[in-house]
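> My questions will all concern the structure given below.
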Amino acid sequence: MDLAWYALLGLFFASYLVLAGYDYGVGLLLARGGTPAGRRAALTALGPFFLGNEVWLVATVGILFGAFPVLEGELLAGCYPAVAGALAGVVLVTAGVQLRSRPDERVRARWDRVIVVGSALAALGWGVLLAALLQGVPRAADGHVLGVSHLATPFAAAAGLAMLALVAVHGATFLTLRLPADAAAVAGRTATRLIPVALCAVALATAVGLLSERVRDAVQRPAVAVLLPVVLVAALLAARTALVRRRPGWALVATGAALALPVALVGAALWPYVLVSTADADASLTVADAAASAPTLRLLGWVALPLLPALLGFQAMCWWVFRGRTDGRAPVYW
């Protein structure tokens, strides 16, 4: 049962990154400047999906607190700068989107900058968190994580930048699907130009990870750790091909897969561990050890059983109701 809950935790967090990823990607693209009307159009394209996408983070945190209380404590203790930075970014983006609707254009520009900063913090924070899990944490025999210096490594920095690049590509690809045709063409060119940047960032993070002794010692399945970055690169190349052929639906699916794959990489490469200790091998935390008791997991199952279909149904309804471009025209998805 603990394996099923671990997979569900990964599914919810990956879904959050895929769905909220284009929120943060659109937010990052506001840094390009452009006209006030262009920035407003980008956020209008995002509007119907924005708050619904954040629900997946709430659900992920709920599963973490209920099904994996030990893991929740270790993450907050050992990775709190990354978690706090990511959550601060989420709050800033939410506040910026909600409060930028003011008649004064200078006030709107300030909130746009808040959205850019929040989007960058969220992307970097989640990237660093995943990197910290993959490279291991200094967990002592008494169960406490020794400091947060493990977050300040070249691999963590490279992974954070790779997540930032992936989010930017995902956001630009989303706009090709939602903006009016002329603006969507500009967004498509932006996404196409950003894909090589994302490929370089992913290649850098992979190379740094392969050279890192911490990562090599923590990874339990090296084949998986090598295979999944290759699949991620293939997804980005598929997205570029779809963009060139003007198939934004397929491109968005491909960039979404690229954002989900890091979560799968961490979960599969570390199994059966969820936290590998770099300070004391005996202090490594397995999935079974991190999970709550079997009766608790069964009780939570009755709560989670209707939750996933409800969330999926809500997302499907949003995409169906607000399908098409913001000018009312239907795009060529596939």
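> What is the distance, in nm, between label points placed 7 Å from the Cα along the Cα-to-Cβ direction at Leu227 and at Ser149?
That separation, rounded to one decimal, is 3.7 nm.
> Against the longest principal axis of the chain, how steep is helix 50-67, in degrees 0 to 90 to the nearest 10, with axes from Cα atoms?
Once rounded, one gets 10 degrees.
> Per residue, how large is the accessible surface of region 1-118? Use a 1.4 angstrom probe and give square angstrom.
Per-residue accessible area for region 1-118 comes out at 41 Å².
> Roughly speaking, to the nearest percent, how much of the chain's 1.4 Å accessible area is carbon and sulfur? Please report the intermediate quantities before stating the final value.
On the way: 10440 of 14830 Å².
So the carbon and sulfur contribution to the accessible surface is 70 percent.
> On to the next question. Per residue, how many Å² of accessible area does region 143-292 show with a 1.4 Å probe?
Numbers: 6400 Å² over 150 residues.
Value for region 143-292: 43 Å² per residue.
> Name the residue from Leu19, Ala31, Cys79 whose Cα lies farthest towards the positive end of the charge dipole of region 2-136, charges +1 on Cβ of Lys and Arg and -1 on Cβ of Asp and Glu.
Farthest towards the positive end: Ala31.
> Name the residue farthest towards the positive end of the dipole of the chain from the options Thr296, Val231, Leu307, assuming +1 on Cβ of Lys and Arg, -1 on Cβ of Asp and Glu, about the Cα centre.
Val231
> Ordered by residue, what ³J(HN,Hα) values in Hz, to whole numbers, does region 153-164 give under the Karplus form 6.51 cos²θ - 1.76 cosθ + 1.60, where θ = phi - 60° and Gly and Pro are x?
Going residue by residue, I get 10, x, 5, 4, 5, 5, 5, x, 5, 5, 4, 4 Hz, with x marking Gly and Pro.
> Taking the Cα centre of each part, how many Å lie between region 239-278 and region 76-145?
Comparing the Cα centres of region 239-278 and region 76-145, I get a distance of 20 Å.
> Can you tell me the dipole magnitude for region 112-250 around its Cα centre, using point charges on the Cβ only (Lys, Arg +1; Asp, Glu -1), in Debye to the nearest 20? Don't skip to the end; give the middle numbers.
On the way: 12 positive and 5 negative charges, 112 e Å.
Roughly 540 debye, rounded to the nearest 20.
> In region 150-167, whose amide N lies under 18 Å from the spot 7 Å out along Cα-to-Cβ of Arg216? List them in ranges.
Under cut-off, by backbone N: 154-156.
> What trypsin sites (Lys or Arg not before Pro) does region 253-334 have in DSSP loop regions with at most 15 other beta carbons within 10 Å? Intermediate values should be presented prior to the final figure.
Numbers: sites: Arg298, Arg323, Arg325, Arg329; in loops: Arg323, Arg325, Arg329.
Here the trypsin sites (Lys or Arg not before Pro) that fit, given the DSSP loop and packing criteria, are Arg323, Arg329.
> With no solvent and one equal point scatterer placed on each C-alpha of region 15-96, evaluate the Debye formula and give log10 I(q)/I(0) for q = 0.11, 0.13, 0.16, 0.18 Å⁻¹, two decimals.
Relative scattering, expressed as log10 I(q)/I(0), comes to -0.37, -0.50, -0.70, -0.83.
> Using the Cα centre as the reference, give the magnitude of the dipole from point charges on the C-beta atoms of region 150-227 (Lys, Arg: +1; Asp, Glu: -1; all else neutral), rounded to the nearest 20 debye. Show your work: numbers first, answer last.
Details: 6 positive and 3 negative charges, 17 e Å.
Dipole about the Cα centre, nearest 20: 80 debye.
> Could you derive backbone 3J(HN,Hα) for region 211-225 from the dihedral phi with the Karplus parameters 6.51, -1.76 and 1.60 (θ = phi - 60°), listing whole Hz in sequence and x where the residue is Gly or Pro?
Per-residue couplings from phi come out as 7, 7, 5, 4, 5, 4, 6, 7, 5, 9, 10, x, 4, 5, 5 Hz.
> OK, next. Which value, in debye to the nearest 20, describes the size of the charge dipole of region 14-133 about its Cα centre when Lys and Arg Cβ atoms bear +1, Asp and Glu Cβ atoms bear -1, and nothing else is charged?
Numbers: 9 positive and 7 negative charges, 131 e Å.
Rounded to the nearest 20 debye, it is 620 debye.
> For the chain, build the charge dipole from Cβ charges (+1 Lys, Arg; -1 Asp, Glu) around the Cα centre, then report which of Ala264, Val215, Leu204 sits farthest towards its positive end.
Positive-end residue among those listed: Leu204.
> Taking the Cα atoms only, what angle lies between the long axis of helix 248-270 and the longest principal axis of the chain, rounded to 10 degrees?
So the helix axis and the longest Cα principal axis differ by about 10 degrees.
The values are calculated or read from the model by the stated rules, or taken from the named source; none is laboratory data. Computed from a predicted structure; not experimentally measured. Backbone-built Cβ (ideal geometry, glycine too); neighbour counts: all protein chains shown. We work out accessible area using only protein heavy atoms, side chains counted, and drop any ligands, DNA or RNA first. Shrake-Rupley method; radii C 1.70, N 1.55, O 1.52, S 1.80 Å.
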